[in-house]
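Undergrad: My structure is below; once you've seen it, I'll send some questions.
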Amino acid sequence: MVKNERGIALATTLVIMTVVSGLIAGIIFVGTQEQRVADNTRNAEQAFGAAETGVYEVLRAWSPTKMSSHGLVGTDSILIADSLSPQKSGRYSGTVYRLSGDLYLIDVIGKDSLGLRSTARGDVAARSRQGLLVRIRSISFPAPPGKAALTVGDSGIKVNGASSVNGHDSIPPTWTGCPPPDSAIGVLSSGTINTKNGNKGGIQGAPATDSTRSSWTPTSRSSAA
């Protein structure tokens with residue numbers, strides 16, 4: 001008769017419980033990591049979208065007068081205020097640098113929407129930085145033949161007092177690198193062009209006035225009518 005019989009049920013149960021606990025812990029860990037990867041990907045995409053939106057919002061609201069009045073990089077810069085993206089998925093801010101007379105660098109940093117909600121978990125907002133080189137090109141609109149700053153019909157025109165008409169192209173004082181200016185006729189009329197005291201100083205152009213029929217085209221006649 002065997003007096004000391006020892007079973008393996010308890011040991012087997014402990015091994016099974018250990019294995020099952022390890023599997024459960026592994027599943028929880030993998031699931032948590034997948035969720036974190038998904039969150040990080042979403043946050044990174046939102047930050048990228050906010051930065052890209054910020055760049056094109058700067059272009060949309062571009063002010064030639066404001067931008068061209070600033071100095072070159074190293075001496076001056078234009079700050080982009082911290083703003084909420086139109087889609088409300090993030091925020092952006094940055095700086096615009098003027099590299100030369102007509103070349104600019106738009107440097108924008110975008111943050112995801114984490115900055116718009118509680119950070120109780122200690123998460124850090126995703127960031128994306130984008131730069132865009134922009135060259136400002138002036139557009140020249142040549143004056144077609146027979147076009148003038150002022151066109152009237154057979155009734156003619158009388159310029160008195162401080163009135164003035166200028167057909168010359170003008171360049172804003174803060175603009176640089178503009179093409180040679182183009183000019184048009186100051187006053188074009190099929191009637192009489194009368195200036196005070198016979199002085200045409202109040203009318204400028206190339207030429208200042210023209211009342212010859214050769215300058216008229218069907219288009220200019222229609223516009224005059």
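Read-outs: derived from the displayed coordinates by stated rules, not from any lab. The shown structure was predicted, so the numbers you read here are calculated from the model rather than taken from an experiment. Note that each Cβ is placed from the backbone with ideal geometry, even for glycine, and that neighbours are counted across all protein chains shown.
Undergrad: How charged is the neighbourhood of residue 58? Take every other residue with its Cβ under 12 Å from the Cβ of residue 58, and add Lys/Arg as +1 and Asp/Glu as -1. Walk me through the numbers before you get to the answer.
TA: Values: positive: 60, 66; negative: 52, 57, 107.
With Lys, Arg at +1 and Asp, Glu at -1, the neighbours total -1.
Undergrad: Cβ neighbours within 10 Å, averaged per peptide: list 101-111, 126-136, 67-77 in order, most packed at the top.
TA: 101-111, 126-136, 67-77
Undergrad: Using the Cα centre of the range 9-135 as the reference point, and only Cβ charges (+1 on K/R, -1 on D/E), how large is the resulting charge dipole? Debye, rounded to the nearest 20. It would help to have the intermediate numbers written out before the result.
TA: Working: 13 positive and 11 negative charges, 34 e Å.
Dipole about the Cα centre, nearest 20: 160 debye.
Undergrad: Next question, about the same structure. Tell me which of 32, 10, 100 sits at the most positive position along the dipole axis of the range 9-135, charges placed on C-beta atoms (Lys, Arg +1; Asp, Glu -1).
TA: 100
Undergrad: Counting only other residues whose beta carbon sits under 9 Å from that of residue 91, what net charge do I get with K and R as +1, D and E as -1?
TA: Surrounding charge for residue 91 is -1.
Undergrad: I've got another one for you. Could you give the nm distance between label points at residue 20 and residue 170, where each point is 7 Å from its Cα heading toward the beta carbon?
TA: 8.9 nm
Undergrad: Sticking with the crude label model, points 7 Å out along Cα→Cβ, report the distance from residue 88 to residue 67 in nm, one decimal please.
TA: 3.0 nm
Undergrad: Sticking with this structure for a sec: Averaged over all directions, how much area does the convex hull of the C-alpha atoms of the range 9-135 cover when projected, in nm²?
TA: Hull-based average projected area comes out at 11.0 nm².
Undergrad: Hey, another quick one. What trypsin sites (Lys or Arg not before Pro) does the range 1-88 have in DSSP loop regions with at most 16 other beta carbons within 10 Å? Don't jump to the answer; show the numbers that get you there.
TA: On the way: sites: 3, 6, 36, 42, 60, 66, 88; in loops: 3, 6, 88.
Sites meeting the loop and neighbour criteria: 3, 6, 88.
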